[in-house]
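First comes the structure, then the notes that go with it.
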Amino acid sequence: MTATDVKEATVPAPTRALATDDRVADRPPRDLQRTFQLVLATVWLLDAVLQLQPFMFTRGSNGFSGMLNGFASGNPGWIDRSIGWNASVVYHQPILTNASFAGIQFLIAFGIIYRRTVKPALALSVVWALGVWWFGEGLGGIFQGGATPFGGGPGGVLFYALLAVLLWPGGNSDRPFVAARTVGVRAAKVIWVVVWGVLAVLSLVGSGRSPQALQGLVAGLNSGQPGWLARIDRGSEALLLHHGTMLAILLAVVCVAVALGVFAPPQVAQATLVMAIVVFALIWVAVQNFGGILAGSATDPNSGLPVFLLALVYWPLTDGGARSGARASGPSTAAAGV
Amino acid sequence: MPTPSWLYYLFGVLMLAIAAYCLTLLVLGFVTNRPAGRDVEISHMFMGVAMAGMFVDRWAFGRSAVWEIIFGALLVWFVVQSIQSIRFYGIHLPHALIHAVMNFAMLLMYWFPMGASGSRSMSMSASTGPKLDPGVSFLLAFVLLTSAVFTLASPNKGWSHFGGHAPAWAVASTAGAESGHGAGGQSPALSLEGVVATPWLVDLSHVVMCIGMGFMLLLMT
């Protein structure tokens with residue numbers, strides 16, 4: 001007799017347990033679109049909690065307003081001034097503004113969780129993400145010529161907005177991949193090609209292919225990192241300094257291949273998606289340093305997690321069960337029900 | 001510029017509220033002879049008190065070694081529960097596993113008190129001992145936040161607390177159906193339990209605990 005048997009045997013009849021088990025077999029089939037929405041909600045919740053870190057409530061160059069000001073320089077005058085204005089508001093009311101910013105992100109996360117509020121929450125997340133992209137990321141450094149995907153360009157938060165659109169509830173569940181459910185197959189493929197085309201271009205323009213600039217990306221992040229990550233950083237700094245241009249070209253080629261993969265047969269498309277996830281996982285760890293989270297200086301995990309999620313919503317669903325919302329042969333969502 | 005001590009007090013109060021809530025559940029569980037969920041209630045009660053002491057140093061009490069023994073014992077209990085569940089029902093995510101993770105996180109917080117980068121208003125900030133690898137903190141925090149989200153979204157209300165052993169009134173409450181064992185047809189204690197231990201409320205206590213602990217772990221990075 002197992003402990004579970006003992007446990008069930010001791011349950012008195014009036015308050016008898018479900019008398020079944022923890023098995024997942026009896027649960028309804030999983031809706032992948034809903035699961036991906038919840039993963040997006042998790043990322044928003046992580047951002048909200050990161051927003052509560054003590055330094056975010058402080059003034060000065062090491063505080064939140066100082067961080068915002070840092071994104072202003074190098075942009076055209078009117079953009080520079082708008083970012084400076086926002087940083088000034090945060091400087092004068094750091095506690096009120098930061099608490100509000102955290103509150104909005106909690107609102108988005110919890111809004112996505114509840115089915116009744118998922119649409120307003122996703123709409124709010126688009127607006128908020130675009131606002132953060134402008135005022136909090138300086139438009140991803142596009143006008144500074146430094147929006148390389150190695151550093152998270154054109155802005156990790158833009159992926160949040162894109163995911164909100166692609167995961168908008170509803171649509172036809174027999175589409176070949178989740179992203180096509182709401183916007184349709186053709187529009188989803190166009191979006192995919194545009195996104196990866198932009199990433200390919202940004203890999204090559206401006207300082208994106210400059211070895212010194214790429215090395216500087218890593219050097220600017222490695223203070224305060226744990227030892228094992230600092231060692232990885234030293235390796236990636238050396239690699240980027242000596243082969244930065246070649247790696248930038250290679251990244252552009254990968255992005256083009258991933259862009260075209262959406263038109264390929266499912267197996268080839270899956271291979272290109274795996275390639276995208278692996279390449280961006282390497283970049284997320286070795287160049288972006290998880291967005292600086294491990295150094296205690298981050299407000300979000302940069303582009304790593306959203307790019308992984310974006311790849312998963314384009315994962316070809318090869319069997320009918322998966323398309324109709326049953327357990328898919330593709331991405332595992334085992335975290336559900338934790 | 002002062003650190004946001006009100007934030008830590010807020011989290012501290014929330015943690016104490018969860019501890020008090022789980023103590024109430026535990027007492028009601030004994031009165032109504034409900035064994036399901038007692039281990040989670042004990043675990044969350046201790047976690048709530050310990051976490052409150054971490055957020056507000058004046059509220060901390062007891063020697064670290066005692067807390068380590070408590071959370072170590074709870075960790076072993078939930079690991080054994082998880083293993084037995086898997087052995088009995090096959091490969092799946094047993095609900096005890098997340099509680100094992102939470103107790104493991106508590107142990108780590110006592111083994112590796114927060115470094116000087118933390119806030120002065122937190123009890124563990126004074127330590128100058130070895131620091132927990134931020135990668136481990138981040139991973140645990142992400143697991144806990146994921147658990148919070150998927151618990152709130154789960155159609156199986158109360159699962160985070162009772163697992164597959166939810167009392168009949170909880171099942172009836174989840175289904176929105178009338179139950180013969182519901183709050184209206186039983187003893188006062190059972191009626192009270194039906195109100196206090198509604199599935200969404202027990203899930204909420206788990207979610208708040210996950211977020212509070214996730215926040216603390218991210219502060220440790």
Seminar exercise, completed: Here, A:S100 and A:F143, labelled 7 Å along Cα→Cβ, have an inter-label distance in nm of 2.3
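Taking 0.36 nm per residue of sequence separation and subtracting the Cα-Cα distance, how much length would be gained by fully extending the chain between A:H242 and A:A281, in nm to one decimal?
So the extension gain works out to 11.9 nm.
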Exercise. Does the range A:83-214 classify as rounded, prolate or oblate by the C-alpha gyration tensor (a ≥ b ≥ c root eigenvalues; a/c under 1.5 gives rounded; else a/b over b/c gives prolate, otherwise oblate)?
Worked result: oblate
Exercise. In nm, to one decimal, how far is the A:D31 label point from the B:N33 one, both placed 7 Å along Cα→Cβ?
Worked result: 4.2
Problem set entry | the range A:30-320: relative contact order as a whole-number percent, Cα under 8 Å and 6+ apart | 19
Problem set entry | Positive dipole terminus of the range A:30-320, leading residue within A:A179, A:A87, A:A252 (C-beta point charges) | A:A179
For this session: Would you please give the FRET efficiency between B:V80 and A:S61, computed as 1/(1 + (r/R0)^6) with r the Cβ-Cβ distance and R0 = 41 Å, to the nearest 0.05?
Result: 0.20
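Taking the number of other C-beta atoms within 10 Å as the exposure measure, put B:Y21, A:Y91, B:Y9 in order starting with the fewest.
Fewest to most other Cβ atoms nearby, the residues stand as B:Y9, A:Y91, B:Y21.
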Problem set entry | Selection from A:L204, A:P76, A:L96, by position along the positive dipole direction of the range A:30-320 (Cβ) | A:L96
Seminar exercise, completed: Listing B:R87, A:R116, B:R38 by rising number of other beta-carbon atoms within 10 angstrom, fewest first, gives A:R116, B:R87, B:R38
Seminar exercise, completed: To the nearest 20 debye, the range A:30-320 has a Cα-centred charge dipole, built from +1 on Lys and Arg Cβ and -1 on Asp and Glu Cβ, of 440
Problem set entry | Sorted by Cβ density within 10 Å, fewest first, the residues B:L26, B:L74 | B:L26, B:L74
Exercise. How far apart, in nm, are two points set 7 Å out from the Cα along the Cα-to-Cβ line at B:T24 and at A:L250?
Worked result: 6.0
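A short reminder: the numbers here are calculations on the coordinates, not readings from a lab. Given the structure is predicted, the values throughout are model-derived calculations rather than measurements. In this analysis, Cβ positions are derived from the backbone assuming ideal geometry, glycine residues included, and neighbour counts consider all displayed protein chains.
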